[in-house]
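Structure record follows, encoded as structure tokens.
None of the figures in this text is laboratory data; all of them are computed from the coordinates on show. What you are looking at is a predicted structure, and each value in this text was computed from that prediction instead of being measured. For neighbour counting, all protein chains shown are included, and Cβ atoms are generated from backbone atoms with ideal geometry for every residue, glycine included.
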Amino acid sequence: MIRIEDLRERPTGGFVLQIDRLRLKPGLTLLVGVNGAGKTTLLELLATVNLPHRGDILYQERSALSDLPLVRSQIGYVPSEIELYENMTPHKLLLYLSELKGVFHSERAVELLRDFRLESYRDTKIKRLSGGVQRRVALAQSLLAAPRFLFLDEPLNGMDTGERKLAIAYLNRYAEGRTIIAAVHELSEWEEAADQVLWLERGKVRFYGGTTSWMADLPYRVWAGILTREQFDHCPEAGLIEFRETPEGIYAKLVGEAPLFPGLKECAPTFEDAYFIRKYQSV
């Protein structure tokens, strides 16, 4: 468990990241919020890239302020912008970082190459690999020391559909008995894997709880159907979840207390829809 107490930090954006008291439970937590909400600032603090100017973060009741080497030995981190040693191969990079992290058995590197399907790229220089493969290498290196706490900033950037499913499935398994915080934009693909959701808005926690609570007690319903161009032009932009052109007209999905036009049918909200509704409520 991670406990945050009286945290105050000023990220870029003119507001203060302000968390009075928060207990982050084990499992996979999705960190959501618009760009500039404070997600990266929080992840950097959790990963001890930066230490808080005010407040404290406790990892299993140990503070990074007083037990930094011990705390860092239990942390894995992948930032949104990764920088790897481009002239190394994935295998050599993992062996090198293993030594830096005090992991002196090469089997762990080989295991992670296999788990992330990197064996065919084992001896290829990293600079020759695609962005998605490089992201898999970055995830693998963060897991070398089998960290208890794992912090990921947009971990699926650059990955194709297969790579994304592979990474999510692995993290879902790894989260058992550990704490993973992942900042994400596409919520729906994580729906089956996530345990909790943490929503930040302008540096403040708007929601933290389990996925069941995330989907419960939503203040608006979701309506979908085919609209004419004239109907679509009268749709309030703020309540429009998605739309697309079809041969029959414009398919639209909206939020509201009642259907805006005849023919719209109520549909069950998705994980992503729940986020849209919560943001819509706060406007």
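When the range 226-239 is limited to residues that are hydrophobic (A, V, I, L, M, F, W, C) and assigned to a helix (DSSP H, G or I), the one that is nearest to the chain's Cα centre (by Cα) turns out to be 238. Kindly establish whether residue 207 is more than 25 Å from residue 146 (Cβ to Cβ), assigned to a helix (DSSP H, G or I) and of a type outside the set (D, E, K, R). Spelling it out, it is not the case that residue 207 is more than 25 Å from residue 146 (Cβ to Cβ), assigned to a helix (DSSP H, G or I) and of a type outside the set (D, E, K, R). Among the residues making up the range 240-276, those that are under 23 Å from the mean Cα position of the chain (by Cα) and either closer than 19 Å to residue 217 by Cα or crowded, with 17+ Cβ neighbours inside 10 Å (or both) are 241, 269, 270, 271, 272, 273, 274, 275, 276.
Conditions tested, residue by residue: (1) within 30 Å of residue 111 (Cβ to Cβ); (2) aliphatic (A, V, I, L, M); (3) touching a Leu at 6+ places or on another chain (Cβ under 9 Å).
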| position | (1), (2), (3) |
| --- | --- |
| 155 | yes, no, yes |
| 169 | yes, yes, no |
| 172 | yes, no, yes |
| 177 | yes, no, no |
| 182 | yes, yes, yes |
| 192 | yes, no, no |
| 227 | no, yes, yes |
| 247 | no, no, no |
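Counting only residues that are in contact (Cβ under 8 Å) with a residue 12 or more places away in the chain and either of a type in the set (A, V, I, L, M, F, W, C) or under 11 Å from residue 2 (Cα atoms) (or both), the range 25-68 holds 24 of them. Filtered by the rule that a residue be under 21 Å from the mean Cα position of the chain (by Cα) and crowded, with 20+ Cβ neighbours inside 10 Å, the range 117-133 gives a lone residue, 133. The criterion of at least 1 residues that are within 30 Å of residue 132 (Cβ to Cβ) and touching a helix residue (DSSP H, G or I) at 6+ places or on another chain (Cβ under 6 Å) is met, among strands (runs of 3 or more DSSP E) falling completely within the range 1-102, by 27-32, 75-78. If you go through the range 160-192 and keep only what is aliphatic (A, V, I, L, M) and either touching a residue at least 60 places away in the same chain (Cβ under 8 Å) or assigned to a strand (DSSP E or B) (or both), you end up with 171, 175, 180, 181, 182, 183, 184, 187. Restricting 164, 206, 202 to those that are over 28 Å from residue 102 (Cβ atoms), in contact with a Ser or Thr (Cβ under 9 Å, 6 or more places away or on another chain) and of a type in the set (Lys, Arg) reduces the list to 206.
When 58, 46 are checked against the criterion of being more than 20 Å from residue 143 (Cα to Cα), aliphatic (A, V, I, L, M) and either surrounded by 14 or more Cβ atoms within 10 Å (Cβ to Cβ) or in contact with a Pro (Cβ under 7 Å, 6 or more places away or on another chain) (or both), a single residue qualifies: 58.
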